[in-house]
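Enquirer: Submitted below is the structure of interest, expressed as C-alpha cells.
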Amino acid sequence: MISIDDFKKLEIRAGKILSAEKVDGADKLLKLSVDLGEENPRTIVSGIALYFPDPSILVGKCCAFAANLEPRTIRGIESNGMIMAASSADSFSLLEISGVPPGTLVR
C-alpha cells in the first residue's frame, strides 16, 4: 500500500505518438517520439514491440504516459517517460485517451 501523497507524485499526461520504430538488435523494444505538450517531443523507449509488429500503427495515437520518471538509458537511447498499458496472459492494451490535447494531466 502507498499513501495518496506518494500517488500524487506520479505525473501521468496525455501524449500523442509522433513516430514509432524498432530498436536495432532488440526484439521487444520500440523507440517512440511523443508530444507531451512541451516545446520538443520526448523520446520514450518501451518494451511493447511484440504487440505491434508494424509500429507505424501507433503513430497518431494519444495515450497515457508517466512523464516525471528519471531518464533511463536503454540500448544507448535515453528514455524520458513510460507509456501506460494493461496486460494479462491473453491480452494487451495501451491506455488510450481522447478529446484532450497532448500534455493534459490525467487525474
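The values are calculated or read from the model by the stated rules, or taken from the named source; none is laboratory data. Bear in mind the structure is a predicted one, so any value in this text is a computation, not a measurement. Every residue, glycine among them, receives a Cβ derived from its backbone with ideal geometry; neighbour counts consider all protein chains shown.
Enquirer: Give the residues of region 12-31 that are in contact with a helix residue (DSSP H, G or I) (Cβ under 7 Å, 6 or more places away or on another chain) and crowded, with 17+ Cβ neighbours inside 10 Å, sorted by residue number.
Expert: 17, 20, 29, 30
Enquirer: Now, a different point. The conditions are (1) assigned to a loop (DSSP other than H, G, I, E, B); (2) touching a Ser or Thr at 6+ places or on another chain (Cβ under 7 Å), and residue 18 fails exactly one of them. Which is it?
Expert: The one condition residue 18 does not meet is (1).
Enquirer: A follow-up question, please. What residue, among those in region 34-47 that are over 18 Å from residue 72 (Cβ atoms) and either in a strand (DSSP E or B) or among the small types (Gly, Ala, Ser) (or both), is farthest from the chain's Cα centre (by Cα)?
Expert: By that ranking, first place goes to 37.
Enquirer: Is there a residue in region 69-81 that is over 16 Å from residue 29 (Cβ atoms), without any contact (Cβ under 8 Å) to a residue 24 or more places away in the chain and surrounded by 14 or more Cβ atoms within 10 Å (Cβ to Cβ)?
Expert: yes
Enquirer: I would also like to ask the following. For residue 6, indicate whether it is in a loop (DSSP other than H, G, I, E, B) and either crowded, with 16+ Cβ neighbours inside 10 Å or at pLDDT below 95 (or both).
Expert: In short, no.
Enquirer: If you don't mind, another one. Restricting to region 48-107, give me the number of residues that are part of a loop (DSSP other than H, G, I, E, B) and among the aliphatic types (A, V, I, L, M).
Expert: Number of matching residues: 10.
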